[in-house]
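Working notes, beginning with the structure itself.
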């Protein structure tokens, strides 16, 4: 698998949404491969979890909660 960044191989856990590491203002979203469940209290989703980085904050969230957190 190749990434959009100059033909560098993408990691197996890399989501479709990526960012340049130097640009800390834009969120980064990747698959949370080893996560057990969404980090929102009361959410029981355990499949398709995402590791979302926004600034210096990192959270493991389901798709629904990731959308809300990024808005």
Filter the range 41-67 for residues that are within 10 Å of residue 29 (Cβ to Cβ) and in contact with a helix residue (DSSP H, G or I) (Cβ under 7 Å, 6 or more places away or on another chain); the one that is modelled with the lowest pLDDT is 54
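Within the range 5-25, does at least one residue satisfy the condition of being in a loop (DSSP other than H, G, I, E, B), at pLDDT 95 or above and in contact with a strand residue (DSSP E or B) (Cβ under 6 Å, 6 or more places away or on another chain)?
So far as the range 5-25 goes, no, none of its residues is in a loop (DSSP other than H, G, I, E, B), at pLDDT 95 or above and in contact with a strand residue (DSSP E or B) (Cβ under 6 Å, 6 or more places away or on another chain).
The values are calculated or read from the model by the stated rules, or taken from the named source; none is laboratory data. Here the structure is a predicted model, which is why all the values come from computation and not from measurement. No Cβ is skipped: glycine too gets one built from the backbone with ideal geometry, and neighbour counts run over all protein chains shown.
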